[in-house]
1. Give me a count of the residues in region 135-150 that are among the small types (Gly, Ala, Ser) and either outside any loop (DSSP other than H, G, I, E, B) or touching an Asp or Glu at 6+ places or on another chain (Cβ under 9 Å) (or both).
2. Name the residues in region 61-71 that are open to solvent by 50 Å² or more (accessible area, probe 1.4 Å) and either closer than 20 Å to His117 by Cα or aliphatic (A, V, I, L, M) (or both), would you?
3. Any idea which of Arg170, Arg134 is out of contact with any Cys (no Cβ under 8 Å at 6 or more places or on another chain) and under 19 Å from Ile101 (Cβ atoms)?
4. May I ask you to list the residues in region 98-115 that are in contact with an Asp or Glu (Cβ under 9 Å, 6 or more places away or on another chain) and either assigned to a helix (DSSP H, G or I) or modelled with pLDDT under 95 (or both)?
5. Just checking, which of Gln85, Gln156 is under 24 Å from Asp10 (Cα atoms), out of contact with any helix residue (DSSP H, G or I) (no Cβ under 7 Å at 6 or more places or on another chain) and crowded, with 18+ Cβ neighbours inside 10 Å?
6. Restricting to region 116-130, and then to whatever is in a helix (DSSP H, G or I) and more than 11 Å from the chain's Cα centre (by Cα), can you tell me which residue is nearest to Ile78 (Cα to Cα)?
7. Among the residues of region 1-60, which ones are open to solvent by 60 Å² or more (accessible area, probe 1.4 Å), in contact with a Ser or Thr (Cβ under 8 Å, 6 or more places away or on another chain) and either in a helix (DSSP H, G or I) or of a type in the set (Gly, Ala, Ser) (or both)?
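The values are calculated or read from the model by the stated rules, or taken from the named source; none is laboratory data. Predicted model only: the values in this text are computed from it and were never measured. As a convention, Cβ positions derive from the backbone with ideal geometry for all residues, glycine included, and neighbour counts pool all protein chains shown. Areas reflect the complete protein model, heavy atoms only, side chains present, ligands, DNA and RNA absent. Shrake-Rupley method; radii C 1.70, N 1.55, O 1.52, S 1.80 Å.
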Amino acid sequence: MGFIQGYDSDTLQEIVDRAGVQERLEEVRPQRSFPAQIELVWLLKVLGDVDESKRVAEHAVRLARMSGTRKDLLHARILHASVNQQLGAFSRAEGELSSCIEEAEGQGWQRISALAHSHRGKTRYDAGDYSGARSDFKRELFLRQELGADDEQLEQVMTYIEAAERRRSRF
(Lines give C-alpha, C1' and ligand atoms only; values in the text may rest on other atoms or scores of the structure.)
Protein backbone atom coordinates (compact mmCIF):
# COMPACT_ATOMS: atom_id res chain seq x y z
CA MET A 1 0.00 0.00 0.00
CA GLY A 2 1.34 3.42 -0.96
CA PHE A 3 0.45 4.99 2.37
CA ILE A 4 3.27 3.33 4.29
CA GLN A 5 6.11 5.77 4.94
CA GLY A 6 8.22 3.35 6.94
CA TYR A 7 8.14 1.14 10.02
CA ASP A 8 8.84 1.91 13.64
CA SER A 9 12.11 0.12 14.42
CA ASP A 10 11.00 -0.69 17.97
CA THR A 11 7.33 -1.66 17.57
CA LEU A 12 7.59 -2.83 13.91
CA GLN A 13 4.27 -1.07 13.20
CA GLU A 14 3.64 0.81 9.96
CA ILE A 15 4.20 4.56 9.90
CA VAL A 16 1.53 5.85 7.56
CA ASP A 17 0.38 9.02 5.88
CA ARG A 18 -2.67 9.41 8.13
CA ALA A 19 -4.33 12.06 5.97
CA GLY A 20 -3.93 9.88 2.88
CA VAL A 21 -5.24 6.83 4.74
CA GLN A 22 -8.25 8.80 6.01
CA GLU A 23 -8.99 10.05 2.50
CA ARG A 24 -8.75 6.53 1.08
CA LEU A 25 -10.96 5.23 3.89
CA GLU A 26 -13.73 7.61 2.82
CA GLU A 27 -13.42 6.32 -0.77
CA VAL A 28 -13.41 2.63 0.18
CA ARG A 29 -15.96 2.58 3.02
CA PRO A 30 -19.10 2.45 0.78
CA GLN A 31 -17.70 -0.32 -1.43
CA ARG A 32 -18.79 -3.91 -0.72
CA SER A 33 -16.42 -5.99 -2.86
CA PHE A 34 -14.05 -8.45 -1.21
CA PRO A 35 -10.89 -6.45 -2.16
CA ALA A 36 -12.50 -3.30 -0.75
CA GLN A 37 -13.34 -5.08 2.51
CA ILE A 38 -9.77 -6.33 2.84
CA GLU A 39 -8.42 -2.84 2.22
CA LEU A 40 -10.90 -1.40 4.70
CA VAL A 41 -9.62 -3.76 7.42
CA TRP A 42 -6.08 -2.49 6.92
CA LEU A 43 -7.08 1.18 6.70
CA LEU A 44 -9.09 1.00 9.92
CA LYS A 45 -6.34 -0.95 11.66
CA VAL A 46 -3.55 1.53 10.88
CA LEU A 47 -5.78 4.41 11.95
CA GLY A 48 -6.25 2.68 15.31
CA ASP A 49 -9.95 1.84 14.95
CA VAL A 50 -9.32 -1.75 15.97
CA ASP A 51 -12.88 -2.59 17.01
CA GLU A 52 -14.31 -1.57 13.63
CA SER A 53 -11.37 -3.26 11.89
CA LYS A 54 -12.18 -6.51 13.72
CA ARG A 55 -15.84 -6.31 12.72
CA VAL A 56 -14.93 -5.77 9.05
CA ALA A 57 -12.24 -8.50 9.22
CA GLU A 58 -14.78 -11.01 10.50
CA HIS A 59 -17.13 -10.02 7.68
CA ALA A 60 -14.31 -10.39 5.13
CA VAL A 61 -13.55 -13.91 6.40
CA ARG A 62 -17.24 -14.86 6.06
CA LEU A 63 -17.40 -13.29 2.59
CA ALA A 64 -14.29 -15.22 1.46
CA ARG A 65 -15.70 -18.48 2.84
CA MET A 66 -18.94 -18.00 0.92
CA SER A 67 -17.73 -16.64 -2.39
CA GLY A 68 -13.97 -16.33 -2.50
CA THR A 69 -11.05 -18.53 -3.38
CA ARG A 70 -8.87 -20.38 -0.89
CA LYS A 71 -6.24 -17.66 -1.39
CA ASP A 72 -8.85 -14.99 -0.60
CA LEU A 73 -9.77 -16.83 2.57
CA LEU A 74 -6.14 -17.08 3.67
CA HIS A 75 -5.58 -13.40 3.04
CA ALA A 76 -8.71 -12.50 5.04
CA ARG A 77 -7.66 -14.78 7.89
CA ILE A 78 -4.16 -13.27 7.99
CA LEU A 79 -5.62 -9.78 8.29
CA HIS A 80 -8.12 -11.00 10.90
CA ALA A 81 -5.22 -12.44 12.90
CA SER A 82 -3.31 -9.16 12.63
CA VAL A 83 -6.28 -7.37 14.17
CA ASN A 84 -6.34 -9.93 17.00
CA GLN A 85 -2.62 -9.24 17.48
CA GLN A 86 -3.33 -5.54 17.81
CA LEU A 87 -6.04 -6.34 20.36
CA GLY A 88 -3.48 -8.32 22.39
CA ALA A 89 -5.01 -11.74 21.62
CA PHE A 90 -1.58 -13.14 20.77
CA SER A 91 -2.35 -16.85 21.19
CA ARG A 92 -5.43 -16.61 19.01
CA ALA A 93 -3.54 -14.64 16.34
CA GLU A 94 -0.56 -17.00 16.41
CA GLY A 95 -2.79 -20.07 16.09
CA GLU A 96 -4.67 -18.63 13.14
CA LEU A 97 -1.45 -17.55 11.43
CA SER A 98 0.16 -20.96 11.99
CA SER A 99 -2.82 -22.57 10.31
CA CYS A 100 -2.54 -20.14 7.40
CA ILE A 101 1.19 -20.85 7.05
CA GLU A 102 0.56 -24.59 7.01
CA GLU A 103 -2.04 -24.31 4.26
CA ALA A 104 -0.07 -21.78 2.18
CA GLU A 105 3.09 -23.88 2.32
CA GLY A 106 1.14 -27.04 1.58
CA GLN A 107 -0.25 -25.38 -1.55
CA GLY A 108 3.09 -23.85 -2.55
CA TRP A 109 1.78 -20.30 -2.18
CA GLN A 110 5.04 -18.61 -1.19
CA ARG A 111 3.75 -15.02 -1.27
CA ILE A 112 0.92 -15.81 1.15
CA SER A 113 3.26 -17.85 3.33
CA ALA A 114 5.71 -14.93 3.49
CA LEU A 115 2.90 -12.58 4.51
CA ALA A 116 1.67 -14.97 7.20
CA HIS A 117 5.23 -15.47 8.52
CA SER A 118 5.64 -11.70 8.70
CA HIS A 119 2.44 -11.30 10.72
CA ARG A 120 3.19 -14.28 12.97
CA GLY A 121 6.66 -12.84 13.56
CA LYS A 122 5.14 -9.51 14.58
CA THR A 123 2.64 -11.30 16.81
CA ARG A 124 5.40 -13.26 18.52
CA TYR A 125 7.47 -10.09 18.82
CA ASP A 126 4.61 -8.28 20.56
CA ALA A 127 4.06 -11.30 22.81
CA GLY A 128 7.74 -11.29 23.87
CA ASP A 129 8.76 -14.43 21.96
CA TYR A 130 11.75 -12.84 20.23
CA SER A 131 13.35 -16.13 19.19
CA GLY A 132 10.12 -17.24 17.54
CA ALA A 133 9.75 -13.83 15.89
CA ARG A 134 13.31 -13.99 14.57
CA SER A 135 12.67 -17.46 13.17
CA ASP A 136 9.52 -16.27 11.36
CA PHE A 137 11.27 -13.21 9.97
CA LYS A 138 14.15 -15.35 8.69
CA ARG A 139 11.67 -17.64 6.95
CA GLU A 140 9.94 -14.58 5.48
CA LEU A 141 13.30 -13.31 4.23
CA PHE A 142 14.05 -16.63 2.54
CA LEU A 143 10.62 -16.72 0.87
CA ARG A 144 10.86 -13.13 -0.32
CA GLN A 145 14.32 -13.81 -1.76
CA GLU A 146 12.91 -16.83 -3.59
CA LEU A 147 10.13 -14.62 -4.97
CA GLY A 148 12.64 -12.05 -6.23
CA ALA A 149 11.65 -9.24 -3.87
CA ASP A 150 13.32 -5.89 -4.35
CA ASP A 151 16.09 -4.65 -2.07
CA GLU A 152 13.74 -2.35 -0.15
CA GLN A 153 11.47 -5.25 0.85
CA LEU A 154 14.43 -7.41 1.83
CA GLU A 155 15.96 -4.60 3.89
CA GLN A 156 12.68 -4.17 5.74
CA VAL A 157 12.64 -7.84 6.71
CA MET A 158 16.28 -7.53 7.81
CA THR A 159 15.19 -4.65 10.06
CA TYR A 160 12.61 -6.97 11.65
CA ILE A 161 15.27 -9.65 12.21
CA GLU A 162 17.63 -7.12 13.79
CA ALA A 163 14.87 -5.79 16.07
CA ALA A 164 14.06 -9.32 17.26
CA GLU A 165 17.76 -10.00 17.87
CA ARG A 166 18.12 -6.76 19.88
CA ARG A 167 15.11 -7.62 22.00
CA ARG A 168 16.21 -11.23 22.41
CA SER A 169 19.63 -10.18 23.69
CA ARG A 170 18.05 -7.75 26.21
CA PHE A 171 15.73 -10.31 27.80
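1. Let us first name the residues in region 135-150 that are among the small types (Gly, Ala, Ser), namely 135, 148-149.
Narrowing the set further to residues that are either outside any loop (DSSP other than H, G, I, E, B) or touching an Asp or Glu at 6+ places or on another chain (Cβ under 9 Å) (or both) leaves 135.
Result for region 135-150: 1.
2. Start the filter on region 61-71 by keeping residues that are open to solvent by 50 Å² or more (accessible area, probe 1.4 Å), which leaves 62, 65-67, 69-71.
Matches in region 61-71: Met66, Arg70, Lys71.
3. Working: Arg170 fails: under 19 Å from Ile101 (Cβ atoms).
Answer to the selection: Arg134.
4. Initial filter on region 98-115 (in contact with an Asp or Glu (Cβ under 9 Å, 6 or more places away or on another chain)): 101, 109-110, 112-115.
Matches in region 98-115: Ile101, Gln110, Ile112, Ser113, Ala114, Leu115.
5. Values: Gln85 fails: out of contact with any helix residue (DSSP H, G or I) (no Cβ under 7 Å at 6 or more places or on another chain).
Gln156 is the lone residue from the list that is under 24 Å from Asp10 (Cα atoms), out of contact with any helix residue (DSSP H, G or I) (no Cβ under 7 Å at 6 or more places or on another chain) and crowded, with 18+ Cβ neighbours inside 10 Å.
6. Just the residues of region 116-130 that are in a helix (DSSP H, G or I), to begin with: 116-127, 130.
From what's left, more than 11 Å from the chain's Cα centre (by Cα): 124-127, 130.
Working: Arg124: 14, Tyr125: 16, Asp126: 16, Ala127: 17, Tyr130: 20 Å.
Among them, the one singled out is Arg124.
7. Ser9
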